[in-house]
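Below: one structure, written as structure tokens.
The values are calculated or read from the model by the stated rules, or taken from the named source; none is laboratory data. From a predicted model like this one, the values you see are computed outputs, not experimental measurements. So basically every Cβ, Gly included, is an ideal-geometry build from the backbone, and we count neighbours across all protein chains shown. For the accessible areas, the whole protein counts, side chains as well, though only heavy atoms, and no ligand, DNA or RNA atoms are used. Shrake-Rupley method; radii C 1.70, N 1.55, O 1.52, S 1.80 Å.
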Amino acid sequence: MHSDIARRTVDEYILQGRVTINGISISEPGFKVNPAKDKVSVDGVPVKVSTKKIYIILYKPEGVISSVSDEKHRKTVVDLINIRDRIFPVGRLDYDTTGLMLLTNDGDFANKLMHPKFRVNKTYIVSISRPLEERHKVKLENGIRIEGRKTSPAKISFPKRNDFTNVSITIHEGRNRQVRNMFEHYGYFVRKLHRSTYGKLDLSGLKPGGWRFLTAVEVKSLITD
Ligand code: URA
């Protein structure tokens, strides 16, 4: 009899030496299975490995690392999400950056979103150490050279009236520490960094550390708009 089991459960059984794939005993968790072709058995009984796609929006709090595991055993974004499925973050936010993160088990979806061709806009709210000067705002919007490569055009505004230390910046690239590097290029120290939107998504209804599954419409909006 076939029964559906989650990928993560298969990994536990693999460690217990109970799994065969196409009749061969497997000892390595994370072993890649093609559910359409491979015959997976547990204790000699054929099982169907679930391929359910999962898409999650998380409000990342400060002091959490945005990877699946950490060699220093710090808390990761995956630890915040108490589901059994094996998921991973789409891109990264720095340890001290807060805000919107996506997590999934769908590699194609993640690759699409991270490909520069897709140009998904992300908005960051940045608190900087001194008021942003107009000449720097213009330069940052037009693109500046960082690590030998010019940044793509950005949109900058000031969400609070008469407060030029609180800056909203929208970019579609996702280079490592890009927003911090852009402001630090002109000597502004970034005190706080928060990602408030990703495509059409925002954090409405979520508290720091909170998460929910995306709807099918939301998933589609990210990869087709
Ligand atoms: N840019 C940064 O510098 N840090 C982040 O976490 C995200 C964007």
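Open to solvent by less than 10 Å² (accessible area, probe 1.4 Å), within 15 Å of the ligand (Cβ to nearest atom), outside any strand (DSSP E or B) and under 15 Å from I169 (Cβ atoms): which single residue out of L140, L113 fits that description? After applying the criteria, what remains is L140. The test for being at negative phi and over 14 Å from the mean Cα position of the chain (by Cα) does not hold for D108. When N162 is tested against (1) exposed (fewer than 13 other Cβ atoms within 10 Å of the Cβ); (2) over 30 Å from T224 (Cβ atoms); (3) within 22 Å of the chain's Cα centre (by Cα), just one condition goes unmet, and that condition is (3).
Condition (residue is away from the ligand (no atom under 15 Å from the Cβ), open to solvent by less than 90 Å² (accessible area, probe 1.4 Å) and over 13 Å from the mean Cα position of the chain (by Cα)) applied to region 57-69: is it met by at least one residue?
Yes - at least one qualifying residue is present in region 57-69.
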